[in-house]
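Each value in this text was obtained by applying a stated rule to the coordinates, not by laboratory testing. Computed from a prediction, not measured in an experiment: that's the story for all the values here. We place every Cβ from the backbone using ideal geometry, glycine too, and count neighbours over all the protein chains shown.
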Amino acid sequence: MHPRTRLALAGQQTDGAYNSIVPPLYQSAIFRFEDLGQTKGFDYTRSGNPTRKALEDVLADLEGGAGAAALTSGMAAVSTTLALFDADAHFLCSHDCYGGTERLFCHLRDQGKLDVSFVDLTDPETLSDAIRPETRAIWVETPSNPLLRIVDLEAVATVARAHGLTLIVDNTFLSPIRQQPLALGADLVVYSTTKYINGHSDVVGGAVIARTETLNEQLQFAANAHGTIAQPFDCWLVLRGLKTLPLRMKQHEENARAVAHFLAQHPNVETVFYPGLPSHEGHEVAARQQQGFGGMVSFAVRGGEAVVNHLLRSTKVFSLAESLGGVESLIEHPATMSHASMRPEQRAAAGITDAVVRLSVGIENIDDLLADLAQALDGPTQAALSGDGVAGEVVPYVV
Ligand SMILES: Cc1ncc(COP(=O)(O)O)c(C=O)c1O
């Protein structure tokens, strides 16, 4: 069946008691034993829960993986994945990954629990040069956060296979509806389900999907041993959100395309980062490996801090907020918000300047979105020139 059909029916067969159409919520920490050593499949929710299992089965099915673990946040998905490796493992990681991922890698490196090199994975030569004898895995974020750089997953998978490395892909920005990393050669797929997968900004969650049974067993062990599992109610909400993922994604993309074109012709915009634009350096690869270009648009603002600050303070439909992938449109400033946790030198290396603004384009009416951006971008030049209080330092807010 088509993924849209599979998602609409997701979890429907899980209620053996009453055949409920909506998957039941088993908000229970414990399950009674039938007899000594005999259960109905579940004993304690950290080790397993039917509602969590229903979500994990849907995610594994969508990705074509052997199994999935639903976890308590996207960062729990990152940390549980890193826990699969020995302490002497060296990782190669996208140089412009999510700031929290960079922070965790650096923290674990400083504790002597792993080693990491941040490299521009869009360049296959840089990748091969960075591989060391102790390298165990490649961590790719594509499209990357916030500059939406595109990494050719098949090309990286070829290098990974040749060197016996595990390929891990953070697919948060696209969701399984727009990119299937396992089919392109990845071993593990990581998600912050907080974003498009849940899509309603009411759950913080994560997931990892494993290609093989062996990796899935290791993953389930790590999730249980570290206790990073997702709670039943959160899983129930994510399952509900997933059912409309294809429809939401379609609208996000339609709006994002229009926003990108609008920004590309605006005098106060220096550069637009949107893989759907033919001018984007990763456009061709994105068109090949993705089924759409996603709903995220970043851009560099022309005119300096005053114009950036005015824009961030003036939108009315786009809320100034950190996250992404929900039905509502958001605007944020990576340097002081989502990527404030990244070391300044790493931010500079990744090209995340103070001029970059990131939009999570929601599913609202496009005319309202464009009018909102127009009034926020058109106003500042005059205001900045007359110095009427739009400038001023933005205080970093670290999540
Ligand atoms: C690409 C990516 N991966 C992982 C995370 C972490 O997810 P969470 O905030 O759910 O812990 C984020 C959060 O923004 C993200 O953008």
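A few remarks follow.
- A straight chain from residue 264 to residue 374 at 0.36 nm per residue would run longer than the Cα-Cα distance by 38.4 nm.
- Selection from 232, 300, 340 lying farthest towards where the dipole of the chain points positive, charges on Cβ: 232
- In plain terms, if you count all Cα to Cα distances in the range 3-242 and split them into 10 Å steps from zero, the share in each step is 8, 33, 35, 17, 7, 1 percent.
- Each Lys and Arg Cβ is given +1 and each Asp and Glu Cβ -1; about its Cα centre, the range 3-242 then shows a dipole of about 660 debye.
- Peptides 46-55, 122-131 ordered by average Cβ neighbours within 10 Å, highest first: 46-55, 122-131
- Reducing the range 317-355 and the range 55-96 to their Cα centroids gives an inter-centroid distance of 23 Å.
- For the options 298, 360, 314, a Gaussian network treatment of the chain with springs between C-alpha atoms closer than 10 Å singles out 314 as fluctuating the most.
- Candidates 231, 289, 27: whichever shows maximal mean-square fluctuation once the chain is modelled as a Gaussian network with Cα springs under 10 Å: 27
- Couplings 3J(HN,Hα) for the range 338-345, derived from phi with the Karplus relation 6.51 cos²θ - 1.76 cosθ + 1.60 (θ = phi - 60°), are 4, 10, 5, 6, 7, 4, x, 5 Hz, where x marks Gly and Pro.
- Per-peptide average of other Cβ atoms within 10 Å, ordering 255-262, 165-172, 279-286 highest first: 165-172, 255-262, 279-286
- For the chain, the residue among 246, 148, 286 whose Cα projects farthest onto the positive side of the dipole built from Cβ charges is 246.
- The chain - mean residue ellipticity at 222 nm from DSSP helices (-39,500 (n - 2.57) per run, n ≥ 4, rounded to 500): -11000 deg cm²/dmol
- Pairs from 195/250; 40/243; 195/243 whose Cα-Cα separation, in the structure shown, is over 18 Å: 40/243
- Distant-in-sequence amide contacts of residue 201, defined by a placed amide H-H separation under 5 Å and a gap of 5 or more residues or a different chain, comprise 327.
- Between residue 128 and residue 27, the modelled label-to-label distance comes to 5.6 nm, taking each label 7 Å out from Cα in the direction of the beta carbon.
- Net charge over other residues, Cβ less than 13 angstrom from the Cβ of residue 256 (K, R count +1; D, E count -1): +2
- The chain: most fluctuating residue of 294, 64, 41 per GNM, C-alpha cutoff 10 Å: 41
- Rounded to the nearest 20 debye, the dipole size of the range 88-170 about its Cα centre is 260 debye, using +1 on the Cβ of Lys and Arg and -1 on the Cβ of Asp and Glu.
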